[in-house]
Amino acid sequence: PFVGAIAVLGAIGFLVHYAIEIGLIGKIPPEARFAIGVLLGLGLLAAGEAVRRRGAPGAAMGLDAAGVGAVMVSVALGVFSLQLFSPVTGAVLALAAGVLASVWSVRSGSVAVAVSAIIGCFAMPAGVGLVQSDPQLAGLLLALALSIGLAVHLIGGARFALARWIGVGAAAMMGIPVLVTLSSPVEAFSFALCWWGLVIGQATLAAQRGID
């Protein structure tokens, strides 16, 4: 699945590079470029569903992972390159895309899609500089990203344990700079307690359900 995803994204990158060389990309408005990227990602997800129904789950996972990657890359480009959104809006859009991808991953049983979505959810707040500019919002988005990883494991079952561990590990690594940046010790303690509580609560529910 990961090789398939890389192959599809590589082909898309080649086509985009060729379109830039011949001057086609520059003639398209930034809003249209963003829309095309999102629609391309959704199209890959739809293609993955069609392939899955034809009895090729491995190829479907590759298309799903590529679709998730295309949507999240489009959101990142909309923030950094095209400058269509503010960092806050971009981070929220990335989380929305992550929620969509997580639901899709549980529905399709694709761990690769879940991992791609969770990595994207954690990467966007840090990538757009929210940790330094707005640590309170960064802490909230970090809690939401952690919740996505934990929920995927709780709903999807034991096979999605990797998604849970990636979520916990990413929250631990990214939580440190957020806590250091916060000016109020009370806020820092509150965020740390929230993140820890999410992990403990999910672990308790997972244990009761026999998942972990």
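Among the trypsin sites (Lys or Arg not before Pro) within the stretch 38-89, those in coil by DSSP and having at most 15 neighbouring Cβ atoms inside 10 Å are Arg54. In this simple spin-label model, placing a label point 7 Å from the Cα along the Cα-to-Cβ direction at both Thr89 and Arg209 gives a separation of 3.6 nm.
For the chain, the solvent-accessible area works out to 49 Å² per residue, with a probe of 1.4 Å and every protein chain left in place.
On full extension, the segment bounded by Val186 and Glu31 gains 51.7 nm, given 0.36 nm per residue less the C-alpha separation. The sum of -39500 (n - 2.57) across all DSSP H runs of n ≥ 4, divided by the residue count of the chain, sets its helix-only mean residue ellipticity at 222 nm to -29000 deg cm²/dmol. Largest GNM mean-square fluctuation among Val186, Val38, Val88, using the chain with Cα springs under 10 Å: Val186. The C-alpha radius of gyration of the chain, expressed as a fraction of 2.2 N^0.38 Å, stands at 1.08.
Rounded to the nearest 0.05, the FRET efficiency derived from the C-beta distance between Ile155 and Ile200 at R0 = 22 Å is 0.75.
Of Cys121, Cys194, the residue with the largest accessible area leads and the full order is Cys194, Cys121 (1.4 Å probe). Set the Förster radius R0 to 41 Å, insert the Cβ-Cβ distance between Gln136 and Arg54 as r into 1/(1 + (r/R0)^6), and round the FRET efficiency to 0.05. Efficiency computed from Cβ-Cβ geometry: 0.30. Each label point was placed 7 Å from the Cα along the Cα-to-Cβ direction; for Ala96 and Leu193 their separation is 3.3 nm.
The values are calculated or read from the model by the stated rules, or taken from the named source; none is laboratory data. Quick caveat, the model's predicted, so the values are computed rather than measured. No Cβ is skipped: glycine too gets one built from the backbone with ideal geometry, and neighbour counts run over all protein chains shown. Protein only, heavy atoms only, side chains kept; ligands, DNA and RNA dropped before computing areas. Shrake-Rupley method; radii C 1.70, N 1.55, O 1.52, S 1.80 Å.
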